[in-house]
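For reference, the structure is listed below as structure tokens.
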Amino acid sequence: MNPETMLETILREARDKIREAALSAPRRIEIRAPREHLPELLAWLKQALGLAHLGTISGVDLGESFEVLYHLSNADGTVTVRVQAPRSEPRIPSVCSVIPGAILYERELQDMFGLVVENIPDPRPLLLADDWPAGEYPLRKDWTFVRPAEVIPGGE
């Protein structure tokens, strides 16, 4: 199925799960969706269009909100699903029930952006040190790195 036909199918059959969808480049479709419909939408894309390969999940700090991008593909093209979560309520649903391999990306979103991934099967930190300070999220725009004092063994 070519990307134009995929887009027509999305607009016709998934209208209740999305806000908008459009071709953004050759072989690439972008969908904006409400976060509460995310697992249902990804399950439908996987089943109806064969978009079973999750390339990655990306996070972006937009200031007042966070945007999370799910990059799905098959032999015919790539679909990026964009959802937003306000900074005041940084929550997104887990998609591990649909795509089990999403867990590492979801754990990364929790570590690096402080997003709460609801119903994640394993919420343990993934990338940050065990003694990383609580409430410090290195990919947020408001985070600043404070270099620890250098300790030289045997120095004064």
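Values quoted throughout were computed directly from the atomic coordinates according to the rules given, and no laboratory measurement underlies them. No experiment lies behind these values; they were computed from the predicted model shown. Note that each Cβ is placed from the backbone with ideal geometry, even for glycine, and that neighbours are counted across all protein chains shown.
Can you tell me which residue among V98, V79 is under 30 Å from R12 (Cβ atoms), assigned to a loop (DSSP other than H, G, I, E, B) and not aromatic (F, W, Y)?
V98
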Can you name the number of the only condition in (1) buried (at least 17 other Cβ atoms within 10 Å of the Cβ); (2) under 17 Å from R140 (Cβ atoms); (3) free of Cβ contacts under 8 Å to residues at least 24 places away in the same chain that S88 fails?
-> (1)
Does region 58-65 include one or more residues that are surrounded by fewer than 21 Cβ atoms within 10 Å (Cβ to Cβ), in contact with a strand residue (DSSP E or B) (Cβ under 6 Å, 6 or more places away or on another chain), hydroxyl-bearing (S, T, Y) and touching a residue at least 40 places away in the same chain (Cβ under 8 Å)?
-> no
Can you tell me which residues in region 2-21 are over 15 Å from L69 (Cβ atoms) and out of contact with any helix residue (DSSP H, G or I) (no Cβ under 7 Å at 6 or more places or on another chain)?
-> N2, P3, E4, T5, L7, E8, I10, L11, R12, R15, D16
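Residue-by-condition table, conditions (1) surrounded by 13 or more Cβ atoms within 10 Å (Cβ to Cβ); (2) in contact with a His (Cβ under 6 Å, 6 or more places away or on another chain); (3) outside any strand (DSSP E or B); (4) among the charged types (D, E, K, R):
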site	(1), (2), (3), (4)
L41	yes, no, yes, no
Q84	yes, no, no, no
A129	no, no, yes, no
L139	yes, no, yes, no
W143	yes, no, yes, no
So, in region 112-123, of the ones that are surrounded by 18 or more Cβ atoms within 10 Å (Cβ to Cβ) and more than 11 Å from the chain's Cα centre (by Cα), which residue ends up nearest to E36 (Cα to Cα)?
-> I120
